[in-house]
Structure formats: structure tokens, C-alpha cells
Amino acid sequence: MDIRTAERLLYVDASLAEMGQLAARGRAAYDSDIAVARACQYNVIRLAADLERLGDSWLESHPEVPWRLIRGMRNRVAHNYWTVDDDIVWSVVAEHAPELREALSDEIDTARSVLDADDSVAGSSDNS
């Protein structure tokens with residue numbers, strides 16, 4: 001895995017982690033606090049952007065990532081926000097995001113290792 005892919009995978013992980021934090025607040029918080037609802041919607045958009053940056057070949061080689069559905073949801077939230085179904089947004093944040101994070105966990109761990117190794121190499125050359 002190259003450095004750029006590793007960095008982008010950690011962006012995906014950060015978006016998924018934030019979705020987990022929002023889901024931990026519960027559906028009642030989503031329904032009663034517009035800031036929580038908008039944060040959930042924003043994270044759908046951000047996740048799609050993060051995944052898109054990984055490129056078509058990465059997405060094609062990872063069928064566990066429901067890219068077409070994520071992109072479609074992103075487009076709805078970004079462009080047709082008046083038709084957003086809150087039940088669907090909540091299910092993405094509370095159910096599907098944790099499933100995706102689990103499916104990508106080995107690759108995310110590899111990305112961390114790649115970046116840690118790169119930091120070690122960069123740190124040793126700084127000391128020269």
C-alpha cells in the first residue's frame with residue numbers, strides 16, 4: 001500500500017469513527033437536535049468524498065464497499081436535501097457505517113502501519 005492510499009484510508013476511518021460517535025448519541029438526539037442531524041448528513045457527504053479519493057480501481061477491488069449506494073446517498077443529501085429520509089440517514093450512521101468500518105478494519109490497520117513506518121523512516125533521516 002502506498003502512502004497516499006494509506007492516508008486516504010485513514011480519512012475514511014475518521015469519517016466512520018465520527019459517525020460512530022454521532023450514533024452513540026442515539027436516535028432521540030438525531031430527531032431532537034438539528035446539529036446532530038446535520039452532522040450525520042455531513043458525514044455521509046464526507047465519507048463519499050473520502051472514498052472517491054481512493055480512486056476507481058480501489059473501489060472496484062473492494063466489493064464490500066457499497067460505493068454506488070454511498071454516492072447516491074451523498075448526492076441526495078447534497079443536492080436534494082429536502083427529500084432526505086431521516087430513517088435512512090440514521091440507518092447509515094448507526095448500522096451501515098460500523099459494518100463498513102469493520103469490513104475495512106484490516107486494511108485500515110495496514111494503512112496505520114504503513115504511515116507509522118514512513119514516520120519512522122522520516123524521523124531517522126531527520127536525525128542524520
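Please treat every number below as a calculation from the coordinates, not as lab data. Everything quoted here is computed from the prediction, not taken from an experiment. Note that we place each Cβ from the backbone using ideal geometry, even for glycine, and neighbour counts take in every protein chain shown.
Identify the residue in region 72-108 that is acidic (Asp, Glu) and closer than 24 Å to residue 9 by Cβ and, among all such residues, is surrounded by the fewest Cβ atoms within 10 Å (Cβ to Cβ). Talk me through it step by step, then tell me what you get.
Residues of region 72-108 acidic (Asp, Glu): 85-87, 95, 99, 102, 106-107.
Retained after the next criterion (residues that are closer than 24 Å to residue 9 by Cβ): 95, 99, 102, 106-107.
Details: 95: 11, 99: 12, 102: 12, 106: 9, 107: 18.
Among them, the one singled out is 106.
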Inset, instruction - Those residues that are touching a helix residue (DSSP H, G or I) at 6+ places or on another chain (Cβ under 7 Å) and of a type in the set (Lys, Arg), I need them from region 1-33; list them, please. - result: 8, 25, 27
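Of everything in region 28-46, what is among the β-branched types (Val, Ile, Thr) and either without any contact (Cβ under 8 Å) to a residue 12 or more places away in the chain or farther than 19 Å from residue 85 by Cβ (or both)? Give them in sequence order.
Residues of region 28-46 among the β-branched types (Val, Ile, Thr): 34, 36, 44-45.
Residue satisfying the conditions is 34 alone.
How many residues, within region 72-93, are polar (S, T, N, Q) and within 19 Å of the chain's Cα centre (by Cα)?
Taking region 72-93 as the starting set, the residues that turn out to be polar (S, T, N, Q) are 75, 80, 83, 91.
Then drop every residue that is not within 19 Å of the chain's Cα centre (by Cα), which leaves 75, 91.
Adding up the residues that qualify gives 2.
For residues that are outside any helix (DSSP H, G or I) and under 14 Å from residue 54 (Cβ atoms), tally how many sit in region 1-26. Spell out the reasoning first.
To start, the set of residues in region 1-26 that are outside any helix (DSSP H, G or I) comprises 1-2, 25-26.
Next, only the ones that are under 14 Å from residue 54 (Cβ atoms) stay: 1-2.
Count: 2.
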Inset, instruction - Return the residue satisfying two criteria in turn: it lies in region 28-53 and is β-branched (Val, Ile, Thr) and closer than 17 Å to residue 101 by Cα, and of such residues it is surrounded by the fewest Cβ atoms within 10 Å (Cβ to Cβ). - result: 45
Legend entry - Number of the exception - residue 29 against (1) among the aliphatic types (A, V, I, L, M); (2) closer than 28 Å to residue 3 by Cβ; (3) in a helix (DSSP H, G or I): (2)
Legend entry - Those residues of region 5-27 which are surrounded by fewer than 17 Cβ atoms within 10 Å (Cβ to Cβ) and without any contact (Cβ under 8 Å) to a residue 40 or more places away in the chain, in sequence order: 14, 21, 24, 25, 26
